[in-house]
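First the structure, in the form of structure tokens, and then the observations on it.
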Amino acid sequence: MTANAPLRALADPQVRRDLWLAAGLCVAAIVSAWLGQVAGFYGEESPPFTWALLYAAALTLPLALRRRAPEIVLVVVAVAFFVGVTLRIPEVYVANVALFLAMYTVGAYVADRRRATVVRLLVIVGMFVWLLVTTFQTATDPSDDGLSRAGLFSPFAAFILIQFLVNAAFFGGAYFFGERAWADAQARRVLEERTVELELERERTAAQAVALDRVRIARELHDVVAHHVSAMGVQAGAARAVLDRDPEAARAALSGVEDSARGALADLRNLLDTLRTPDAETAGDAAGASTLRLTALPELVAHAAANGLPTELTVVGEPVAASELVQVNLYRIAQEALTNARRHGGPDATADVRVRYGAETIELEIASTGAVRGGGRPGLGLVGMRERATASGGTLEVGPRPRGDGWLVRVRVPAPQAVGAR
């Protein structure tokens, strides 16, 4: 917010209300001045009524601009008030209302708070100095036949005291209510900004949740479909190669294709059941019912070996009870690595799966032989493996084997004891 910027943008209804307010107060000031002259507020000392008309206009019409130029309006109204009282124009009511509104508006609408304070204090100080001067002149005027000055607390002293008290309450009230209006408006602005920020944050959170769900679904679908379809492709190719000379072998390969298809449908059905779970509690039960654990690695290795990728499994260390999330993610990483080895390694590819249980980490390593893919854009499988490793709090290393041909996938995740200690 700049120093000269208003706190709130003025709407057309506000501008129209200020115009009507200024016009109404001008009419009221004229009527009040006429009635005061008829009542003889100042006796013969009042100037001609033409001065009252000019005074009413100078005092009230600037209020039509009170929210667009508050400081100028306050100075103009204060000067008009000073001139009118000095000339003894018989209008004492609407003038006070106009001065109060002008001072209140400076406090409520000027964004530069230092300038708003200085302008109001100058007007207040000027008014009290002028009151002191007029009081001194009245007190020292020997020809004044007004209130009695006799006694310690004379009627004249009481009149002077009440004048100061009324002025203090008048200017103090205008100052206080202007400050409160500014503070309330600023609090409303901050609340509106925070409401907008919270709404945007809610929308971002909802969008992120949807994006995360889409990524999770895509990752699961890729892992399930790629694994089974890759096996079906190998088995179908084997059946085609031996169809003419060895019908029994072709029949066995086609039976493997059928089994892989059924396995893919079963995995997809389990995934869809999980996605349709209505609440988190049932979802937790569904996740707990998953068979994708590290104890299922022997079946995964046997499946890979039966589908054209000779694979061995080695377990090092004493197995520990990792969380369901970690076990599912490690199983899927092994599944994706074996699928890639079977798909890209060539007909003579082999694989070695090692699980190492340590004091600090659980390490899964899949080393395969065969052809090595060249560099390029990472596939969805590699992206999914990295996401699973990160979701488990671990790290993933993927690249050609340091010695010889083939590919190496190594993932490390914190062991449950290490997580608890931290």
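The values are calculated or read from the model by the stated rules, or taken from the named source; none is laboratory data. Quick caveat: nothing in here was measured; it's all calculated off a predicted structure. No Cβ is skipped: glycine too gets one built from the backbone with ideal geometry, and neighbour counts run over all protein chains shown.
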The lone condition residue 400 fails out of (1) modelled with pLDDT under 85; (2) surrounded by fewer than 14 Cβ atoms within 10 Å (Cβ to Cβ); (3) not β-branched (Val, Ile, Thr) is (1)
(1) farther than 21 Å from residue 399 by Cα; (2) in contact with an Asp or Glu (Cβ under 7 Å, 6 or more places away or on another chain); (3) modelled with pLDDT under 80 all hold for residue 357 apart from (3)
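Is it the case that residue 59 is more than 14 Å from residue 84 (Cα to Cα) and buried (at least 20 other Cβ atoms within 10 Å of the Cβ)?
Details: more than 14 Å from residue 84 (Cα to Cα): no; buried (at least 20 other Cβ atoms within 10 Å of the Cβ): yes.
Taking the combined requirement at face value, the residue does not satisfy it.
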Log entry, pairs with first residue in the range 403-415 being more than 16 Å from residue 384 (Cα to Cα), second being crowded, with 18+ Cβ neighbours inside 10 Å and hydroxyl-bearing (Ser, Thr, Tyr), beta carbons closer than 7 Å, six or more apart or on different chains, reads 405/369; 406/368; 406/369; 407/368
Residue set 33, 11; condition over 50 Å from the mean Cα position of the chain (by Cα), within 26 Å of residue 106 (Cβ to Cβ) and at pLDDT below 90; output residue 33
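Any idea how many residues of the range 54-86 are of a type in the set (S, T, N, Q) and under 20 Å from residue 130 (Cβ atoms)?
Just the residues of the range 54-86 that are of a type in the set (S, T, N, Q), to begin with: 60, 86.
Adding the requirement that they be under 20 Å from residue 130 (Cβ atoms) leaves 86.
So the count comes out to 1.
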